[in-house]
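One structure is given here, and the rest of the page talks about it.
The values are calculated or read from the model by the stated rules, or taken from the named source; none is laboratory data. Fair warning: this is a prediction, and the values are worked out from it, not measured in the lab. Note: ideal-geometry Cβ built from the backbone for every residue, glycine included; neighbour counts use all protein chains shown.
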Amino acid sequence: MEHNKTWHQMHKDSLEFGQRLADKVANGMGSWRFIIIQTLIVILWMSLNVVGFVYHWDVYPYILLNLLFSTQAAYAAPIIMMAQNRQSERDRAQADADYHTNCEAKKEIEELLQKLNSIEIDKLDKILDILQKMDKKA
């Protein structure tokens, strides 16, 4: 069954939990959905702090919100870097698989060319034999 798997499936199966998690986090953070949700949270955060009658937990200039963004960025950057490194590994694996496929295809094409050449030579030999027999009869 291992031979039927593509390089992508084999690479995906070899990932550890942390690697799969990092890829999912990087994919999530690199989406419009994430940007829209984060924008809505920021708008809600600021609005609640501006109109909050009783309690302002993070008054302007929103230092706590800034701290949250800094913490998010501190964790997001290495996670995204891990995902990018794995993308490079996937690209190398794909290039390697393509190279091996091309080498095998080249070998098969060369074998086919040799067979075609031998068929051509056999045909020419038969034609020459027929011509020689016709020459002898004439």
Considering region 1-36, residues that are of a type in the set (Ser, Thr, Tyr) and modelled with pLDDT under 85, and then whichever is nearest to Tyr75 (Cα to Cα), we arrive at Ser14
Considering residues of region 93-138 that are within 30 Å of Leu15 (Cα to Cα) and at pLDDT below 90 only, the residue farthest from the chain's Cα centre (by Cα): Ala97
Which numbered condition Glu111 fails, given (1) free of Cβ contacts under 8 Å to residues at least 60 places away in the same chain; (2) among the charged types (D, E, K, R); (3) closer than 30 Å to Leu21 by Cβ: (3)
Checked Leu40, Leu44, Leu64 against criteria (modelled with pLDDT of 90 or more, over 30 Å from Ser14 (Cβ atoms) and surrounded by 11 or more Cβ atoms within 10 Å (Cβ to Cβ)); the one match is Leu64
Criterion violated by Leu112 - all others in (1) farther than 24 Å from Gly28 by Cβ; (2) surrounded by 12 or more Cβ atoms within 10 Å (Cβ to Cβ); (3) out of contact with any helix residue (DSSP H, G or I) (no Cβ under 6 Å at 6 or more places or on another chain) satisfied: (2)
Extreme residue, nearest to Val25 (Cα to Cα), among residues of region 47-61 that are surrounded by 12 or more Cβ atoms within 10 Å (Cβ to Cβ) and in contact with a helix residue (DSSP H, G or I) (Cβ under 9 Å, 6 or more places away or on another chain): Asp58
So which of Gln38, Gln72, Gln19, Gln87 ends up being within 30 Å of Thr101 (Cα to Cα) and free of Cβ contacts under 8 Å to residues at least 24 places away in the same chain? Gln87
Can you go through Asn27, Asn49 and tell me which one is under 15 Å from Arg86 (Cβ atoms) and either among the polar types (S, T, N, Q) or in contact with a Gly (Cβ under 8 Å, 6 or more places away or on another chain) (or both)? Asn27
